[in-house]
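Structure record follows, encoded as structure tokens.
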Amino acid sequence: MKIITIIGARPQIIKAAALSRAIATYFPTKIKELIVHTGQHYDQNMSAVFFDELGIPKPTINLNIGSGSHGKQTAVMIEQLEEVLIKEKPDALVVYGDTNSTLAATIAASKIHIPIVHIEAGLRSFNKKMPEEINRIMCDHASTLLFSPTKTGYQNLMNEGFRENKAMLYSADNPGVFHCGDVMYDNSLYFSRLNEENSTLFKTLGLQKNDFILATVHRNDNTDDPKHLSTIFESFRKIAEKNNETIVLPLHPRTKKMLEKSLSNDLYNSIIINKNIKIIDPVSFLDMIALEMHCKLVVTDSGGVQKEAFFFKKPCIILRKETEWVELVECKAAIITGANENLILNAYNTFINKEDYDFPPLFGDGAAAMFICEEMIKNFN
């Protein structure tokens with residue numbers, strides 16, 4: 001069978017590694033994969049380097065679309081992806097998560113009746129002000145095969161009218177819904193075995209393992225709201241100064257652009273000169289895994305980093321008002337704070353003094369990609 005995998009943003013490139021690896025290892029004679037990169041993320045450090053590092057096949061096609069407003073970017077993607085799909089005639093289209101690339105590919109494929117396989121189906125923040133929420137809902141309801149990483153995601157789909165349908169063959173009108181585990185857990189297990197040998201980041205930064213906080217900030221709600229951004233970085237300053245904590249902050253390009261613009265001069269300067277706050281460029285995926293494995297606490301507004309913190313049994317402060325990964329909060333491995341200074345500091349104090357963590361096996365057994373391949377072969381081959 002022939003599939004086209006759509007990627008466009010850094011997390012999708014990483015997720016695609018698990019599927020490509022499973023195909024190459026277990027199904028090389030049964031599945032032919034073409035990778036189409038929309039170019040939604042085109043910064044070298046945020047995209048191309050990951051193909052080399054993770055051993056992902058280079059994209060067959062790169063549309064080089066770049067940034068733009070949601071409407072403009074999505075429209076250009078739909079137009080160009082439709083041309084690719086008509087020319088290549090795949091048996092199925094594979095999309096990941098909730099980006100504009102995912103939405104555009106879903107619309108293009110659904111209009112010309114190409115079956116859609118949605119990996120990371122069923123996730124819900126229940127906040128439709130987030131573009132990602134609209135993208136993932138629309139993609140789910142146009143898909144033929146839906147693979148949810150968690151039981152909660154699976155139940156969300158049941159609540160929206162999907163059925164526990166066991167009747168093959170599946171179609172957009174008769175979709176198959178599966179709880180399969182998380183391909184990112186597959187990746188974390190696989191690449192964690194490699195990074196100890198390859199990562200030099202700790203020596204470069206002068207870090208002591210298990211003695212620093214890892215933080216990431218990139219969501220529009222935080223970076224584009226001066227009050228939110230100032231509150232978050234004021235919290236970082238207080239944690240670093242009052243508690244003598246080292247905070248490592250791989251800085252997303254959007255955040256870097258907004259810091260000097262949005263923070264007061266006093267706060268900005270105090271952050272820049274603070275020796276305990278190590279602002280660094282975006283890191284490779286292997287280096288990010290190394291940081292996650294060996295930090296003592298994660299602070300993030302990234303959905304992916306929330307999960308990875310859990311994979312490596314690290315508590316997590318979530319800089320959003322909600323999360324798609326509600327299981328992390330329910331088992332008290334994560335606390336939602338949003339951009340609220342008191343909540344952030346209280347969560348920090350809670351985790352620093354907490355010892356009885358619980359990290360149940362929520363994300364499968366590390367073989368989600370193999371399961372997905374097997375189900376695609378059953379349905380499309």
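Odds and ends about this structure:
- The strands (runs of 3 or more DSSP E) found entirely in region 1-115 that carry 1 or more residues being surrounded by fewer than 20 Cβ atoms within 10 Å (Cβ to Cβ) are 2-7, 32-37.
- Any helices (runs of 4 or more DSSP H) falling wholly within region 169-279 and containing at least 3 residues that are touching a residue at least 60 places away in the same chain (Cβ under 8 Å) and farther than 26 Å from residue 16 by Cβ: 226-242
- Against the test of being at pLDDT below 95 and of a type in the set (Ser, Thr, Tyr), the options 101, 110, 188 yield a single qualifying residue, 188.
- The sole residue among 178, 126 that is assigned by TED's automatic domain parsing to the domain that holds residue 15, at pLDDT below 95 and of a type in the set (Phe, Trp, Tyr) is 126.
- Note on region 339-353: residues that are in contact (Cβ under 8 Å) with a residue 24 or more places away in the chain, in a loop (DSSP other than H, G, I, E, B) and either more than 20 Å from residue 245 (Cα to Cα) or not small (Gly, Ala, Ser) (or both) total 1.
The values are calculated or read from the model by the stated rules, or taken from the named source; none is laboratory data. The shown structure was predicted, so the numbers you read here are calculated from the model rather than taken from an experiment. So basically every Cβ, Gly included, is an ideal-geometry build from the backbone, and we count neighbours across all protein chains shown.
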